[in-house]
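Have a look at the structure below, then the notes.
The values are calculated or read from the model by the stated rules, or taken from the named source; none is laboratory data. Quick caveat, the model's predicted, so the values are computed rather than measured. Here the Cβ positions follow ideal geometry from the backbone for every residue, glycine too, while neighbour counts run over all protein chains shown. When the accessible area is computed, the model is the full protein with side chains, heavy atoms only, and any ligands, DNA or RNA have been set aside. Shrake-Rupley method; radii C 1.70, N 1.55, O 1.52, S 1.80 Å.
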Amino acid sequence: MTPITQSIPALEQLVDRFGRRLHYLRLSITDLCNLRCRYCMPPQGIEKLPQDMVLTLEELARVSRVAVGLGVDKIRLTGGEPLLRKGLPRLLDELKSLTPRPDLRITTNGILLAQKLPELAAGGVSTVNVSLDSLKPEIYARITGLGDPAGREALAKVWGGIQAALAQPGLQVKLNVVLLGGINEDEIVDFARLTLEHPVAVRFIEYMPVGRNTPFQPEHFLAAEQVLQRIRALGAVEPLAQRPGDGPAQRLRLAGAPGELGIISALSSHFCATCNRIRLSSEGQVVPCLLSDTAVELKPLLRGGADDAALARALLEAARLKPQNHHQGVLSPHAAGCQMSRLGG
Ligand code: SAM
Ligand code: SF4
């Protein structure tokens, strides 16, 4: 990768019209995935993007550098499945050498985690979020579309990856559990119990209507609030204070637990007022809100000889377009046009 030397004057910050500072960039680094989670992708998958449609590692690093110049201090790699992206160590090397150095995080389905952990550690990743919606092989196989025995084998790999990540010094590990009424809701207590045994953050996330390829199924929506009622069965639950830069999770701890719980209620209670995120899709669209259709195209600039100041202006424009609130509801979902696996969750 060519070393990046050009820089932009640090004049402006990504602040939207409502005064929210957007300092958290989520980069979708690939549209490819080795799973077909029922809420994210259709069973047959989605058409793979032609290679030249996907941003190169250099382009991803360049946009990140410009964004860091505009005040971004946290970058999450996502996808698709980010651990499938060839050249990930090179990208991490570029990102960790940005000034000021951003906090680097990754969200993965965990299948390749044990194998790729040394690369993540060498690349300066501080936090790994592993998406895992069931601890039961048959349910995991059903949710991920793998069937049996592939689902059983995959779950064992994911669990091995989680154990390896927990043993990695200095690495924070979080589990993301999408709540699916009638499918995994009886596992809330089992997931919560993991926080009594391991220093892991288990976060329960509401199922959202995203992506036109996967019609929202309201019958599987489970409001995050119901989680609390169930985990109280395990004992006293204490609220934890929000830390600066914390995301939308309401943080809790079971008495005496080394780990913690998080509840993320995107639909039942909007946390838009504190949203600090901006996203870059694998095709180079800057998307200011996951649940709305607005996007600013960066690829024509990146490939048309635009300088960094022009890229910065495009990012500032995307920030300006961020809506105050999303208007998604459970009863009137309007699936945002994005495909989650190209945009990243
Ligand atoms: N493949 C990686 C993974 O699954 O962790 C990263 C990309 S995935 C799109 C990022 C996150 O989005 C995952 O935690 C996934 O569970 C979440 N997600 C995808 N579709 C969703 C939906 N309809 N509602 C809620 N979360 C969703
Ligand atoms: Fe599942 Fe993530 Fe792949 Fe979507 S991108 S199908 S959530 S593993």
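Among the criteria (1) of a type in the set (S, T, N, Q); (2) within 15 Å of ligand 1 (Cβ to nearest atom); (3) open to solvent by 30 Å² or more (accessible area, probe 1.4 Å), the one residue 115 does not fulfil is (2). Just to be sure, is residue 167 without any contact (Cβ under 8 Å) to a residue 24 or more places away in the chain and at negative phi? Yes: the conditions hold for residue 167.
Here residue 36 meets each of (1) in a loop (DSSP other than H, G, I, E, B); (2) more than 15 Å from residue 104 (Cα to Cα); (3) touching a residue at least 40 places away in the same chain (Cβ under 8 Å); (4) away from ligand 1 (no atom under 16 Å from the Cβ) with one exception, condition (4). Being of a type in the set (A, V, I, L, M, F, W, C), outside any loop (DSSP other than H, G, I, E, B) and open to solvent by 10 Å² or more (accessible area, probe 1.4 Å) is true of residue 156. Within segment 302-317, the residues that satisfy the criterion of being closer than 13 Å to residue 286 by Cβ and either not in a helix (DSSP H, G or I) or not aliphatic (A, V, I, L, M) (or both) are 313, 317.
The single condition among (1) away from ligand 1 (no atom under 15 Å from the Cβ); (2) farther than 14 Å from residue 281 by Cα; (3) modelled with pLDDT of 95 or more that residue 84 does not meet is (1). Checking the structure you have, find out if any residue of segment 71-81 is out of contact with any strand residue (DSSP E or B) (no Cβ under 9 Å at 6 or more places or on another chain) and either outside any strand (DSSP E or B) or closer than 19 Å to residue 170 by Cβ (or both). Scanning segment 71-81, I find no residue that is out of contact with any strand residue (DSSP E or B) (no Cβ under 9 Å at 6 or more places or on another chain) and either outside any strand (DSSP E or B) or closer than 19 Å to residue 170 by Cβ (or both), so the answer is no.
Can you tell me which residue in segment 292-301 is modelled with the highest pLDDT, limited to those that are in a loop (DSSP other than H, G, I, E, B) and surrounded by fewer than 22 Cβ atoms within 10 Å (Cβ to Cβ)? So the residue we want is 295. Suppose the filter is away from ligand 2 (no atom under 16 Å from the Cβ) and more than 19 Å from the chain's Cα centre (by Cα); does residue 171 pass it? For residue 171, the condition - away from ligand 2 (no atom under 16 Å from the Cβ) and more than 19 Å from the chain's Cα centre (by Cα) - is not met.
Would you check if there is a residue in segment 135-150 being open to solvent by less than 10 Å² (accessible area, probe 1.4 Å) and either more than 15 Å from ligand 2 (Cβ to nearest atom) or in contact with a Phe, Trp or Tyr (Cβ under 7 Å, 6 or more places away or on another chain) (or both)? No, because not a single residue in segment 135-150 is open to solvent by less than 10 Å² (accessible area, probe 1.4 Å) and either more than 15 Å from ligand 2 (Cβ to nearest atom) or in contact with a Phe, Trp or Tyr (Cβ under 7 Å, 6 or more places away or on another chain) (or both).
Taken over segment 40-58, the residue count meeting the criterion of being within 16 Å of ligand 2 (Cβ to nearest atom) and either in contact (Cβ under 8 Å) with a residue 40 or more places away in the chain or open to solvent by less than 30 Å² (accessible area, probe 1.4 Å) (or both) is 8.
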